[in-house]
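Asker: Let me give you the structure first, and then I'll get to my questions.
The values are calculated or read from the model by the stated rules, or taken from the named source; none is laboratory data. Remember, it's a predicted structure, so these values are computed and weren't measured experimentally. Positions of Cβ are backbone-derived with ideal geometry, glycine not excepted, and every protein chain shown enters the neighbour counts.
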Amino acid sequence: MEAFPASFFLHPAHNGTMKRILVIGCAGSGKSTLSRRLRDILHLPLIYLDQIWHLPDGSHISPEEFDEQLAEVLDSPCWILDGNYRRTLPIRLEHCDTVILLDFPTEICLSQAAGRIGRKREDLPWVETEFDPEFQNWIRHFRKRNLPEIMSMLEEYRESRSIYVLHSHQETEDFIQTLKQLQHFGLKR
C-alpha cells in the first residue's frame with residue numbers, strides 16, 4: 001500500500017466523511033500526537049485504547065472487560081481510536097470509515113518512545129519511568145513481526161475504507177494541512 005496521494009480526498013472509498021477513524025502504527029510513531037491534531041481539526045471524540053486497557057497502577061483490565069468497553073465505543077456514531085491492540089483490529093476495521101497507519105522507520109519510533117519517558121501523557125494513566133528493554137525489542141521488531149499482518153488486514157478493506165499509510169513527519173504534516181484545507185472547504189463530519 002502506498003502513502004496517500006496528494007489528491008487523497010479523491011480516494012474511491014472516501015465519501016467526504018471522516019467520522020470513525022483508526023490511528024495505528026508502531027509505538028513511538030506519533031499516533032497520539034496525530035490523533036490529538038485530528039481531534040482538534042475534526043472535533044471528534046478521541047479514545048485512547050491504552051486508557052481503556054491500562055489502570056493507573058500499570059496493571060490492566062481483563063480482555064473481556066476491554067472488549068465490552070471497546071464495543072460501546074464502536075457503537076458510537078463518531079470517534080478517533082488511537083492504538084494498535086492487534087487482537088481487536090478486525091472488529092475495529094469493520095466499524096471504521098478511515099484508517100491512518102503510521103509506518104515510520106524503527107529508529108524514529110525508538111527515539112520518540114525514549115523521548116517521552118518521564119513525561120505525563122494524555123494517552124496513558126501513569127508516567128513511564130524507564131524505557132523497558134522488552135518494549136524496545138517490541139518496537140525494533142514491529143515492522144517485521146506485526147506490520148505484515150496489519151497490512152494484510154488493511155488490504156481486505158482497501159475498497160471499502162479510506163486507508164492512508166504515512167511514512168514520515170513530512171507526509172503526516174502534508175496530510176494534516178490537506179485535511180485542514182478540506183475542513184475549511186466543507187469536509188463533512
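Asker: Assess whether Pro90 counts as being of a type outside the set (Ser, Thr, Tyr), within 18 Å of the chain's Cα centre (by Cα), under 15 Å from Cys26 (Cβ atoms) and modelled with pLDDT of 95 or more.
Answerer: Against the criterion (of a type outside the set (Ser, Thr, Tyr), within 18 Å of the chain's Cα centre (by Cα), under 15 Å from Cys26 (Cβ atoms) and modelled with pLDDT of 95 or more), Pro90 does not qualify.
Asker: Looking only at the range 33-84, filter to residues that are among the hydrophobic types (A, V, I, L, M, F, W, C), under 22 Å from Glu128 (Cβ atoms) and assigned to a loop (DSSP other than H, G, I, E, B); which one of those is modelled with the highest pLDDT?
Answerer: Among those residues, the one meeting the criterion is Ile61.
Asker: For the range 149-189, which residues satisfy the criterion of being small (Gly, Ala, Ser) and modelled with pLDDT under 90?
Answerer: If the condition is that a residue be small (Gly, Ala, Ser) and modelled with pLDDT under 90, then Gly186 is the only one that fits.
Asker: Is it the case that Leu93 is closer than 20 Å to Val73 by Cα and either touching a residue at least 12 places away in the same chain (Cβ under 8 Å) or surrounded by 12 or more Cβ atoms within 10 Å (Cβ to Cβ) (or both)?
Answerer: yes
Asker: Restricting attention to the range 109-128, and to residues there that are of a type in the set (A, V, I, L, M, F, W, C) and surrounded by fewer than 17 Cβ atoms within 10 Å (Cβ to Cβ), which single residue is nearest to Ala27 (Cα to Cα)?
Answerer: If we take residues in the range 109-128 being of a type in the set (A, V, I, L, M, F, W, C) and surrounded by fewer than 17 Cβ atoms within 10 Å (Cβ to Cβ), then Ala114 is nearest to Ala27 (Cα to Cα).
Asker: Filter the range 120-130 down to the residues that are without any contact (Cβ under 8 Å) to a residue 24 or more places away in the chain and either among the aliphatic types (A, V, I, L, M) or within 20 Å of Leu46 (Cα to Cα) (or both) and list them by number.
Answerer: Result: Lys120, Val127.
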